[in-house]
Amino acid sequence: MITPDNQVKAHIKPSAEMHADIARKYGSKLEQRYAGHLQKRLYAGDISDWAHERMKFRIGKRCWYTPDFMVIAADGVMELHEVKGWARDDAKVKFRAAAEFMPYFRWFWVTEEGGAWKVEEYGK
């Protein structure tokens, strides 16, 4: 149950253009490659749009979580993708906490294995 003490707050960064230019800087080269992958999916019509680090969730006192990518699926549902080459325990805990507090989105944990993207939906 969400109470005023543990309430999750979401902040969405406004932008005239939802998807970012591939040349912009990302948190890692893995994120940059995933942005390229999303752009290809956008051109192919597999997704409607995407953006990098567009949302920020307050998941506790002085504790925030920013998903790497917001993706609008072809069916119009908003997905949040977390891209990791490796993850510290706190990253996994923040991801799970945000996903449980905000079940209104589809949540995905994304890794790269052998040059292919492994995309796992949280809670499925």
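The values are calculated or read from the model by the stated rules, or taken from the named source; none is laboratory data. Being a predicted model, the structure only gives us computed values, none of them experimental. We place every Cβ from the backbone using ideal geometry, glycine too, and count neighbours over all the protein chains shown.
Scanning segment 36-63 for residues that are under 19 Å from Val77 (Cα atoms) and among the aliphatic types (A, V, I, L, M) returns Leu38, Leu42, Ala44, Ile47, Ala51, Met55.
Just a yes or no: is a residue in segment 48-59 touching a Ser or Thr at 6+ places or on another chain (Cβ under 8 Å), buried (at least 17 other Cβ atoms within 10 Å of the Cβ) and farther than 28 Å from Gly115 by Cβ?
We begin by selecting, within segment 48-59, every residue touching a Ser or Thr at 6+ places or on another chain (Cβ under 8 Å); these are 51, 53-57.
Cutting the leftovers down to buried (at least 17 other Cβ atoms within 10 Å of the Cβ) gives us 51, 54-55, 57.
Keeping just the survivors that are farther than 28 Å from Gly115 by Cβ gives 55, 57.
Checked against the condition, which is being touching a Ser or Thr at 6+ places or on another chain (Cβ under 8 Å), buried (at least 17 other Cβ atoms within 10 Å of the Cβ) and farther than 28 Å from Gly115 by Cβ, segment 48-59 yields at least one hit.
Condition check: crowded, with 17+ Cβ neighbours inside 10 Å, at pLDDT 95 or above and not acidic (Asp, Glu). Does His81 satisfy that? For His81, the condition - crowded, with 17+ Cβ neighbours inside 10 Å, at pLDDT 95 or above and not acidic (Asp, Glu) - is met. Selection of first residues in segment 98-124 that are in contact (Cβ under 8 Å) with a residue 24 or more places away in the chain and of second residues that are surrounded by fewer than 13 Cβ atoms within 10 Å (Cβ to Cβ) and hydrophobic (A, V, I, L, M, F, W, C), restricted to Cβ pairs under 9 Å at least 6 apart or on distinct chains, gives the following pairs, ordered by first then second residue: Phe101/Ile2; Phe105/Val77; Arg106/Val77; Thr111/Trp86.
With respect to being crowded, with 17+ Cβ neighbours inside 10 Å and either out of contact with any His (no Cβ under 8 Å at 6 or more places or on another chain) or aliphatic (A, V, I, L, M) (or both), Phe95 fits the description.
Could you check segment 33-102 for strands (runs of 3 or more DSSP E) lying wholly inside it with 2 or more residues that are farther than 19 Å from Gly123 by Cα?
Details: elements: 47-52, 55-60, 63-65, 69-73, 78-83.
Here the list reads 47-52, 55-60, 63-65.
Considering every residue within segment 70-81, establish whether at least one is more than 16 Å from Leu42 (Cβ to Cβ) and hydrophobic (A, V, I, L, M, F, W, C).
Filtering segment 70-81 down to residues more than 16 Å from Leu42 (Cβ to Cβ) leaves 80.
Now narrow it down to the ones that are hydrophobic (A, V, I, L, M, F, W, C): 80.
Yes: segment 70-81 contains one or more residues that are more than 16 Å from Leu42 (Cβ to Cβ) and hydrophobic (A, V, I, L, M, F, W, C).
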